[in-house]
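Heads up, the thing below is written out as structure tokens.
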Amino acid sequence: METLANLESFARSAEEGSFSAAARRMAVTPAAISRNVAMLERNLGIKLFQRSTRKLTLTEAGERFFAQISDKLDGLQAAIMDVAAERHEPAGTLKISLPNTLGVNYILPLLPEFLESYPAVRAEWHFENRQVDLISEGLDIAIGGGFDLASGLIARPLAPAHIIAVASPRYMAGRVPPSVPRDLIAFDGIVMRSESNGRIRHWAMRDRDGREMEALLREKIVLNDPGPMVSAALLGAGVALVAVPDVASHLMSGGLVRLVPQWFADAGAINLYYSDRNLQPLKVRAFVDFVLDHFKRERFAERFSVAP
């Protein structure tokens, strides 16, 4: 009797055209995929793939076998998940991608309580400032904003991503505060270069009357993550345009001050992204509900909004 792991390793490798891509999708190592496929070939007594350094190609026998099992795997996995769900116990590794500052300040503090409530869950979290592909990278959940909502994904909003201009009191000492966003060009800018397209991110800000104006900064310091941008602003290095959650505590403590306070840029929403498959793993459902409930109780959506 073949194991589901062997069959799924074969099917995902056939779909992706490589063991490495299949491994990312299944959240295992390429060696494990290769081993499972080799075991399947040995047990069946046939060669399923033609292997080369560049490509993985199905043999004629492999094509026939893939056609026979590909539409049955999802049903088998759904049945297994359905039986597991009857235990009413979230379990397994919960793989999440989340942004550094938001993740450390607002999501990571929830982890001890969540794991205490669901002891059969193991956390594997990746702190990174990039858009990820949940399916191909084998992730359960991503937290962030501006993701392309591909087919099969759900986005649940946590809070708005409003961008404001901030600087330290030390940096602003002796300087005339800007009156409108276009005045920011006179200040040293702490700006971010996108890792996805290599461009400096620029913002257009608006006020309560709906007026819009570009908020350009002199590109004095270029960084690739909002966390270091906030740290540089705290050190008095210049002005940064960052999301409210990244600086909320520093505004309260006085470490940073908000410039052009009637103006902000709307970067959309901070979302929880996850697959919309019918039989969602209990670990995913439990975490999504846990985070949404916490953000609602703490009224983060209201606290992070600066819209009039």
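Computed from phi, the 3J(HN,Hα) profile of the range 287-294 under the Karplus parametrisation 6.51, -1.76, 1.60 (θ = phi - 60°) reads 5, 4, 4, 4, 5, 4, 5, 5 Hz, with x in place of Gly and Pro.
The range 1-59 to the range 259-274: how many Å between their Cα centroids? Their Cα centres are 43 Å away from one another.
Assuming R0 = 51 Å, what is the FRET efficiency of ARG258 and ALA5, from their Cβ-Cβ distance, to the nearest 0.05? FRET efficiency, ARG258 to ALA5: 0.45. Peptides 234-245, 215-226, ordered by how many other C-beta atoms sit within 10 Å of their residues on average, highest first, read 234-245, 215-226.
Computed over Cα pairs, the Kirkwood radius of the range 158-308 leads via Stokes-Einstein (1.002 mPa s, 20 °C) to a diffusion coefficient of 129 µm² per second.
Using a Förster distance of 35 angstrom, determine the FRET efficiency expected from the C-beta separation of ARG35 and SER194, and round it to 0.05. Working shown, then result.
Numbers: r = 38 Å, r/R0 = 1.10.
It comes to 0.35.
Taking 0.36 nm per residue of sequence separation and removing the Cα-Cα distance, the ALA204/ASN100 pair yields an extension gain of 35.0 nm. So, in Å, what gap is there between the alpha-carbon centers of the range 120-191 and the range 211-257? So the separation of the two Cα centres works out to 11 Å. Coupling constants for the range 28-35 follow from the phi torsions by the Karplus curve (6.51 cos²θ - 1.76 cosθ + 1.60, θ = phi - 60°), and in residue order they are 10, 8, x, 4, 5, 4, 4, 5 Hz; glycine and proline get x. In the range 98-229, inverting the average of 1/r over every pair of distinct C-alpha atoms gives 17.8 Å as the Kirkwood radius. Modelled spin-label separation between ARG156 and THR59, with each label point placed 7 Å from Cα along the Cα-to-Cβ direction: 4.6 nm.
For the range 118-179, the spherically averaged projection of the C-alpha convex hull amounts to 8.1 nm².
Using the per-residue mean of other Cβ atoms lying within 10 Å as a proxy for protection, in what order, highest first, do the peptides 261-272, 172-183 fall? Could the numbers behind the result be given before it?
On the way: 261-272: 19.2, 172-183: 13.7.
Averaged packing, sorted descending, gives the order 261-272, 172-183.
Only protein heavy atoms count here; on that basis, with a 1.4 Å probe, ARG24 has an accessible area of about 130 Å². Using the rule -39500 (n - 2.57) for each DSSP H run of four or more residues, divided by the residues of the chain, the 222 nm mean residue ellipticity is -11000 deg cm²/dmol.
Set against the labelled values (i) 0.97; (ii) 1.09; (iii) 0.95, Rg/Rh (Cα atoms, Kirkwood Rh) computed from this structure falls on (ii).
The values are calculated or read from the model by the stated rules, or taken from the named source; none is laboratory data. Since this is a predicted model, take the numbers as computed values, not measurements. Backbone-built Cβ (ideal geometry, glycine too); neighbour counts: all protein chains shown. Surface areas here come from the heavy atoms of the whole protein model, side chains and all, with no ligands, DNA or RNA. Shrake-Rupley method; radii C 1.70, N 1.55, O 1.52, S 1.80 Å.
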